[in-house]
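Peer 1: Please read through the structure below; I'll follow up with questions.
The values are calculated or read from the model by the stated rules, or taken from the named source; none is laboratory data. Only a predicted model underlies this, so the values are computations on that prediction, with no experimental measurement involved. With ideal geometry, Cβ positions are generated from the backbone for all residues, glycine too; neighbour counts draw on all protein chains shown. Accessible surface is based on the protein model in full, side chains and every heavy atom, while ligands, DNA and RNA are left aside. Shrake-Rupley method; radii C 1.70, N 1.55, O 1.52, S 1.80 Å.
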Amino acid sequence: MSCNGCRVLRKGCSDTCILRPCLDWIESAEAQAHATVFVAKFFGRAGLMSFLSSVPSPHRPSLFRSLLFEACGRTINPVSGAVGLQWTRKWHLCQAAVETVLCGGALRPLPDLAVPAGEVEELYGPPPKIGWTSSEGSPLCDLDLCLMPRSPTEAGEPRRRAATPSRNSEESVTTSAGTGEEKPALLNLFV
């Protein structure tokens, strides 16, 4: 018989099912289905199965529980997720969100958890300067490591097109692979 996780994901279930042991900690069949659907919608069905299969069997139930808490935490607190809720001592909100999911309820971001733009820098520090631009539009580069190449005019050099040899110039050479008795062939590629 198919486990509740495989049933809602519409995938085949076997005796070696990856999901079955992950759902044992959830009491009701409906709650197991709700949890599986929620985590699969958040991380993707293939992502969920990939996560679970990459971990040894004894750790899979803990991973599924962690993924459920992270998905709930990111849904109600998109900026910091479950870790942010724990850090700000609002873990009870994450636990309530998990209970809501297990009961089949819908989650939405909580407005009082939104971090004002000015506080982001206080919480996480200033943004890295490499590759960012200043208010004047000039790149702020530490050690001249920009994500974009510097233009020649910015470096004070005049902008020039790369020189190409013409057919009649001394730089143009015609070669042939023969005994020397054949007439050399010239390819006019830019005519």
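Peer 1: Just need a number here: residues in the stretch 40-82 that are open to solvent by less than 40 Å² (accessible area, probe 1.4 Å), under 17 Å from the mean Cα position of the chain (by Cα) and within 22 Å of R7 (Cα to Cα).
Peer 2: Here the count works out to 6.
Peer 1: Taking the condition over 21 Å from the mean Cα position of the chain (by Cα), more than 21 Å from T100 (Cα to Cα) and surrounded by fewer than 17 Cβ atoms within 10 Å (Cβ to Cβ), does G12 pass? Full working, then the answer.
Peer 2: Numbers: over 21 Å from the mean Cα position of the chain (by Cα): yes; more than 21 Å from T100 (Cα to Cα): yes; surrounded by fewer than 17 Cβ atoms within 10 Å (Cβ to Cβ): yes.
Judged against the criteria, G12 is a match.
Peer 1: Go through the stretch 15-27 and report how many residues are open to solvent by 20 Å² or more (accessible area, probe 1.4 Å), touching a residue at least 12 places away in the same chain (Cβ under 8 Å) and either touching a Ser or Thr at 6+ places or on another chain (Cβ under 6 Å) or not in a helix (DSSP H, G or I) (or both). Working first, answer last.
Peer 2: Of all residues in the stretch 15-27, those open to solvent by 20 Å² or more (accessible area, probe 1.4 Å) come to 15-16, 18, 20-21, 24-25, 27.
Then keep just the ones that are touching a residue at least 12 places away in the same chain (Cβ under 8 Å); that gives 18, 20-21, 24-25.
If we keep only those that are either touching a Ser or Thr at 6+ places or on another chain (Cβ under 6 Å) or not in a helix (DSSP H, G or I) (or both) as well, we get 18, 24-25.
Summing the residues that are open to solvent by 20 Å² or more (accessible area, probe 1.4 Å), touching a residue at least 12 places away in the same chain (Cβ under 8 Å) and either touching a Ser or Thr at 6+ places or on another chain (Cβ under 6 Å) or not in a helix (DSSP H, G or I) (or both) in the stretch 15-27 gives 3.
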